[in-house]
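The values are calculated or read from the model by the stated rules, or taken from the named source; none is laboratory data. Since this is a predicted model, take the numbers as computed values, not measurements. Here the Cβ is made from the backbone with ideal geometry for all residues, glycine too, and neighbour counts use every protein chain on show. What goes into the accessible areas is simple: the full protein's heavy atoms, side chains included, and nothing from ligands, DNA or RNA. Shrake-Rupley method; radii C 1.70, N 1.55, O 1.52, S 1.80 Å.
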Amino acid sequence: MVPGPRNLITDVAGLRVGNAQDDGIKTGATVLVGDAPFVAGVHVMGGAPGTRETDLLAPDKTVQQADALVLSGGSAFGLDAASGVADGLRTQGRGFAVGDQVVPIVPAAILFDLINGGDKTWTENPYKALGRAALANADMDFALGSVGAGTGALIADLKGGLGSASLRVGPYTVGALVAVNALGRVTVGDSKHFWAAPFEMGKEFGGRGPAPTFDPHVMPPVKGRAQNTTIAIVATDAALTQAQATRMAVAAHDGMARAIYPSHTPMDGDLVFAAAMGTVEGEADTLMLGHAAAICLSRAIARGVFEATPSATDPLPTYRATFG
């Protein structure tokens, strides 16, 4: 397995990602949009999720495809980012046909970034406009780190951020996109070594290698117990049913657990969406796709923290400012 040419989720053909942020508020939104509707699934393992339209992604529900997926800051306020995306898609004529109307299907998830040093004194919810702007910015190339939904993200001891990675698996491409805002840590103890180091390809997050030693019995420092959540999307060009896409999302959670210590806690809303474009036909090897999705997600989490950049009033330092 090797990364795709961009080492981004957009190595999966037909997908684009857009980011928009407000650096004064220290928050933002990220959208994954397909050139055509795609099969989508979701799996939640955190105890405190914030979501929109995730119930319809169950395999027994009528709607089997989505037009876009949204990751946003802002806690419950941030769910309005999906409304902005839906408005933008509707003007393009995109959506589920109901009579003479189209209804864009835009599931979304949020993270908590309301206590991160930004100015939260808005009088009108800013997330609808951020969602629409993110859709307008959608492209195959996009920045990582302190952008989009990762703009104001924090982890236990460092700034979080937006990360992505990809892999080629036989005839298929798999990718991950993640906003890292975890209660736990992504580095081992007080070292510069990422938990995800065994899965690193090249020097995509510094090439520091695995930690030489660690004590797994020591509980690491954690962030505020209600100020968290890592939200992610994994995607492939394989043709999957909604049940198979859901299983890929389940498998990808292994990658989150390998990269964040601890993860899936009662006060994280940890969630993974899955998207299957279906542009590569044939019976997919769902075991390998799930394995690749987990590897991609581990790498994307480390990349999101590694690429974070400093800004005024940050309550925590960036990885590079701390470790060089």
Per-residue accessible area, 1.4 Å probe, largest first, puts F38, F199, F77 in the order F77, F199, F38
With the dipole of the chain defined by +1 on each Lys or Arg Cβ and -1 on each Asp or Glu Cβ, the option from S311, P59, V250 whose Cα lies farthest towards the positive pole is S311
Scanning the chain for GluC sites (Glu not before Pro) in DSSP loops with at most 16 other Cβ atoms within 10 Å, what's the longest stretch left with none? 125-280
Could you work out which residue, out of T246, T230, T213, moves most in a Gaussian network model of the chain, that is, has the largest mean-square fluctuation with Cα springs under 10 Å? T213
Within straight-line cross-link reach of K159, lysines at Cα separation under 19 Å, skipping those fewer than 8 residues along the same chain: K26, K120, K192, K223
Once amide H atoms are built 1.01 Å from N in the peptide plane, which residues 5 or more positions from A274, or in another chain, come under 5 Å H to H? G41, V42, V234
Taking the Cα centre as origin and putting +1 on Lys and Arg beta-carbons and -1 on Asp and Glu beta-carbons, what dipole magnitude results for the stretch 4-129, to the nearest 20 debye? 140
In the stretch 1-92, which trypsin sites (Lys or Arg not before Pro) are in a loop and have at most 12 other Cβ atoms within 10 Å, using DSSP for the loop call? K61
Please compute the per residue accessible area over the stretch 1-78 with all protein chains in place, 1.4 Å probe, rounded to a whole number of Å². 36
Tell me the carbon and sulfur percent of the accessible area for the stretch 199-324, rounded to whole percent, probe radius 1.4 Å. 59
Using the Kyte-Doolittle scale, find the helices of the chain whose mean hydropathy is at least 1.0 and whose Cα atoms extend 15 Å or more along the helix's long axis, counting only whole DSSP H runs. 286-306
Label assignment, semi-axes √(5λ) of the Cα gyration tensor in Å derived from the structure, set [x] 53, 23, 14; [y] 28, 23, 16; [z] 38, 33, 19: [y]
Computed [θ] at 222 nm, helices only, for the chain once each DSSP H run of length n ≥ 4 contributes -39500 (n - 2.57): -6500 deg cm²/dmol
